[in-house]
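Report on the following structure.
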Amino acid sequence: MPKLLIVEDNEMNRDMLSRRLERRGYEIIIAVDGAEGVAMARSEKPALILMDMSLPVMDGWTATRTLKDDPDTRHIPVIGLTAHAMAGDREKCLQSGCDDYDTKPVEFTRLIEKITTHLNSTPS
């Protein structure tokens, strides 16, 4: 199964997502801030990234822009995850380079559909 990178500073969110995705057969790698997420994406080459947008060290918007500006990582789909469900947040995520967006708390079935869609549309 594909390798997914979860970039999330909240331990409870990280644990819940990683356990549920591992049960689905995905290989999970984890970063706890945006800078670590960028470094892991470059070294591990995940099939998809779940990026929290409110992160320490480097926020998710900056981390996503950094990855999308890099020819080695720009092809990796990024789903932005945010507790900010305000008007304009979806657009802000997409403008930063996210390929998709979802709100927290995560509705797992909807997130799986988005992951599956992006993995199936990404050239190998």
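Please give the number of the condition A47 fails out of (1) among the hydrophobic types (A, V, I, L, M, F, W, C); (2) in contact with a helix residue (DSSP H, G or I) (Cβ under 8 Å, 6 or more places away or on another chain); (3) at pLDDT below 95.
(3)
Being hydroxyl-bearing (S, T, Y), modelled with pLDDT under 95 and in contact with a Ser or Thr (Cβ under 9 Å, 6 or more places away or on another chain) narrows it down to one of T73, T122, T82, so name that one.
Result: T82 is the single residue among T73, T122, T82 that is hydroxyl-bearing (S, T, Y), modelled with pLDDT under 95 and in contact with a Ser or Thr (Cβ under 9 Å, 6 or more places away or on another chain).
When you scan region 5-115 for helices (runs of 4 or more DSSP H) that lie fully inside it, which ones turn up with 3 or more residues that are under 13 Å from the mean Cα position of the chain (by Cα)?
Those helices (runs of 4 or more DSSP H) span 11-23, 34-44, 60-69.
Scan region 48-64 and report the pairs whose first residue is over 18 Å from D99 (Cβ atoms) and whose second residue is of a type in the set (S, T, Y) and part of a strand (DSSP E or B), with Cβ atoms within less than 7 Å and a gap of 6+ or a chain change.
Listed pairs, sorted by first residue: S54/T82.
Only one residue in R65, R19 is loosely packed, with under 14 Cβ neighbours inside 10 Å and not small (G, A, S). Which one?
R19
The values are calculated or read from the model by the stated rules, or taken from the named source; none is laboratory data. The model shown is predicted, which means the values in this text are computed figures rather than measured ones. All Cβ positions, even for glycine, are placed from backbone atoms using ideal geometry, and neighbour counts span all protein chains on display.
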